[in-house]
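Read-outs throughout are calculated quantities, based only on the coordinates presented, and are distinct from any laboratory measurement. Remember, it's a predicted structure, so these values are computed and weren't measured experimentally. When we count neighbours, we look across all protein chains shown, and the Cβ atoms used for this are built from the backbone with ideal geometry, even at glycine.
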């Protein structure tokens, strides 16, 4: 059984094996750093959540023709395994009303940003072009996430019955589609073609 697995793995082209190895290493390194260093210190989660709240409120104000939407940042304890850590939340409210949108750690888009950058880092290619694609992809994801959060706030105000569907499916699909397009564009423009050798 083990021999057949090893044999199958060896039959994969060398460049593909190297790519898969880099994927595993980058993913494992990211998870270790994120869980043991970044989460306990809220880096960069707290900053991302606050920025999303700030710019989503500005976007909603512009959408409603200058209406005053405010954002309030709070910190709460959240349990991870056996430990509790502080996490930052942002709440967007129309003037004089209750919050219409809460932005949490899971909403900040960090995982997708890392996934986008990690995918590009796993491929061989010119580092200058690779850096441009990573920076553009991450900035694009942040802007798209601001629009996503703002539109979710609008949906919650105007069509509250459809909020869950929009949150779970519609806007998530848009963000993932953008990520996929960035990957395809990167592969087409930057990545050297893999050359497969047939014995």
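One table, with the values for the structure above:
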| item | result |
| --- | --- |
| Burial ordering of 75, 22, 148, fewest other beta-carbon atoms within 10 Å first | 75, 22, 148 |
| Approximate spin-label separation residue 157-residue 128, in nm, with each point projected 7 Å along Cα-to-Cβ | 4.6 |
| Ranking of 107, 122, 149 by count of other Cβ atoms within 10 Å, fewest first | 122, 107, 149 |
| Crossing angle, helix 14-33 versus the chain [Cα axis fit, 0-90 degrees, rounded to tens] | 40 |
| Spin-label model distance (nm) - residue 43 vs residue 11, 7 Å beyond Cα toward Cβ | 4.7 |
| Scattering profile of the chain at q = 0.15 Å⁻¹ [log10 I(q)/I(0), Debye over alpha-carbon scatterers] | -1.02 |
| Förster-model FRET efficiency, 22 Å R0, residue 135 and residue 79, C-beta, rounded to 0.05 | 0.05 |
| Most to least packed among 55-61, 158-164, 36-42, 85-91 [average Cβ atoms within 10 Å] | 55-61, 85-91, 36-42, 158-164 |
| Spin-label model distance (nm) - residue 86 vs residue 180, 7 Å beyond Cα toward Cβ | 4.1 |
| The range 14-189, relative contact order in percent, only Cα pairs under 8 angstrom and at least six apart counted | 20 |
